[in-house]
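Data first, discussion second: the structure below is written as structure tokens.
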Amino acid sequence: MTHDRIETNPAVMGGKPVIRGTRVPVEIVLRKLGAGMTADAIIGDHPRLTREDICAAQAFAADYL
């Protein structure tokens, strides 16, 4: 399954999955959600992210982790 908002590139964050066009690792988004942060709070920390990016991180995790 492909995830248009997620990319892996060896030259970006050592090849970890990140939100496309950012250096924000999917892992960070998932950790923040797991710690109880809301999508709005995560976007506050990472203003380039959107709600769709956060949903994509969750979908990626459901498929691959």
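The numbers here are math on the coordinates, done by the rules we state, and not lab data. This is a predicted model, so every value here is computed, not measured. Every residue, glycine among them, receives a Cβ derived from its backbone with ideal geometry; neighbour counts consider all protein chains shown.
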_Filtered residues of the range 33-49 (kept if within 21 Å of residue 63 (Cα to Cα), over 10 Å from the mean Cα position of the chain (by Cα) and not small (Gly, Ala, Ser))_ = 33
_Being without any contact (Cβ under 8 Å) to a residue 12 or more places away in the chain and touching a Gly at 6+ places or on another chain (Cβ under 8 Å) is the filter here; which residues of the range 1-49 pass it?_
8, 9
*Give the residue that is farthest from residue 51 (Cα to Cα), with candidates limited to residues of the range 1-27 that are of a type in the set (S, T, N, Q) and more than 12 Å from the chain's Cα centre (by Cα).*
9
